[in-house]
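Peer 1: The following block contains the structure, expressed as structure tokens.
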Amino acid sequence: MSASNIQSRESTAQQVSKATSWKIKLLYDGECPLCLREVNFLRKRDAGRGLVAFVDIADENYNPKAHGGVDFETAMGRIHAVLPDGTVIKNVEVFRRVYETLGMGWIYAITKLPVIGAVADMLYGIWADWRLRLTGRPDLATIIADRQKQAECKTQGRCQIQ
């Protein structure tokens, strides 16, 4: 085997290792100012270690198949994350796991208690239901319709400027 083949295989192995070095893949809404504030905080805490893979669901190239099968509409309704084994988690469990991964698990540790966890999930659900309105954005149906129009425009190659 030539030196270039060995080097190529090592390079590929390093890429695969780096690609799977994340411990949790956080699906977030990159058009939500409050979500972005949280993600920026978490990125700083990750400090380039790659423990958390940040995936912007608002990106036009977001592919649900690559992210636990969580489609855009579902991801917009509640926060989701994907574990390396493909398990999809949602709600406060996402925050708990991300913070644990980044060494700040104490912040959400109390939500592991059954009653407190249920209350935290309920409060998060209320927040998630009001998130778009509170951040001055259109409702979910409008966002999805606009996204679908953009996708059609992209695939058909002809768009109307309004």
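The values are calculated or read from the model by the stated rules, or taken from the named source; none is laboratory data. This one's a predicted model, so the numbers in the text were calculated from it and none came from an experiment. Cβ: placed from backbone, ideal geometry, glycine included. Neighbour counts: every protein chain shown. The protein model used for the area step is the full one, side chains on, heavy atoms only, and it has no ligands, DNA or RNA in it. Shrake-Rupley method; radii C 1.70, N 1.55, O 1.52, S 1.80 Å.
Peer 1: For residues that are assigned to a strand (DSSP E or B) and open to solvent by 40 Å² or more (accessible area, probe 1.4 Å), scanning just the range 82-102, find the one that is farthest from ILE126 (Cα to Cα). Walk me through how you get there before you give the answer.
Peer 2: Start the filter on the range 82-102 by keeping residues that are assigned to a strand (DSSP E or B), which leaves 82, 88-90.
Applying the additional criterion that residues be open to solvent by 40 Å² or more (accessible area, probe 1.4 Å) yields 88, 90.
Values: VAL88: 21, LYS90: 14 Å.
Of everything passing the filter in the range 82-102, VAL88 is farthest from ILE126 (Cα to Cα).
Peer 1: Also: All but one of (1) outside any helix (DSSP H, G or I); (2) in contact with a Phe, Trp or Tyr (Cβ under 9 Å, 6 or more places away or on another chain); (3) crowded, with 19+ Cβ neighbours inside 10 Å; (4) not aromatic (Phe, Trp, Tyr) hold for VAL70; state the number of the condition that does not hold.
Peer 2: (2)
Peer 1: Any residue in the range 135-147 that is surrounded by 11 or more Cβ atoms within 10 Å (Cβ to Cβ) and in contact with a strand residue (DSSP E or B) (Cβ under 9 Å, 6 or more places away or on another chain)?
Peer 2: No, that holds for no residue.
Peer 1: Let me ask you something else. Scan the range 90-105 and tell me whether some residue there is closer than 17 Å to GLN148 by Cα and more than 13 Å from the chain's Cα centre (by Cα). Before you say what the answer is, go through the steps one by one.
Peer 2: Of the range 90-105, the ones closer than 17 Å to GLN148 by Cα are none.
The answer is no; no qualifying residue exists.
Peer 1: Which residues, taken from the range 49-62, are open to solvent by 70 Å² or more (accessible area, probe 1.4 Å), of a type outside the set (D, E, K, R) and modelled with pLDDT of 95 or more?
Peer 2: Selection gives nothing.
Peer 1: Filter the range 26-48 down to the residues that are open to solvent by less than 50 Å² (accessible area, probe 1.4 Å) and among the acidic types (Asp, Glu), then identify the one that is nearest to ALA128 (Cα to Cα). Even if it seems obvious, please write down each step before you answer.
Peer 2: Quick first cut of the range 26-48, residues open to solvent by less than 50 Å² (accessible area, probe 1.4 Å) only: 26-30, 32, 35, 39, 42, 46.
Filter again for among the acidic types (Asp, Glu), leaving 29, 46.
On the way: ASP29: 12, ASP46: 25 Å.
In this case the residue turns out to be ASP29.
Peer 1: From the list ARG78, ARG131, pick out the single residue that is open to solvent by less than 90 Å² (accessible area, probe 1.4 Å) and in contact (Cβ under 8 Å) with a residue 60 or more places away in the chain.
Peer 2: ARG131
Peer 1: Next question. Give me the pairs, please: first residue somewhere in the range 106-121 and more than 19 Å from ARG78 (Cβ to Cβ) and in a helix (DSSP H, G or I), second residue anywhere and open to solvent by less than 60 Å² (accessible area, probe 1.4 Å) and of a type in the set (Val, Ile, Thr), beta-carbon distance under 8 Å, and either six or more positions apart or on two chains.
Peer 2: Once the first residue is more than 19 Å from ARG78 (Cβ to Cβ) and in a helix (DSSP H, G or I) and sits in the range 106-121, no partner that is open to solvent by less than 60 Å² (accessible area, probe 1.4 Å) and of a type in the set (Val, Ile, Thr) comes close enough.
Peer 1: Does the range 46-60 contain at least one residue that is assigned to a helix (DSSP H, G or I), of a type in the set (A, V, I, L, M, F, W, C) and under 30 Å from THR155 (Cβ atoms)? Steps first, please.
Peer 2: As a first pass, look at the range 46-60 and keep what is assigned to a helix (DSSP H, G or I): 46.
Then drop every residue that is not of a type in the set (A, V, I, L, M, F, W, C), which leaves none.
No, the conditions are met nowhere in the range 46-60.
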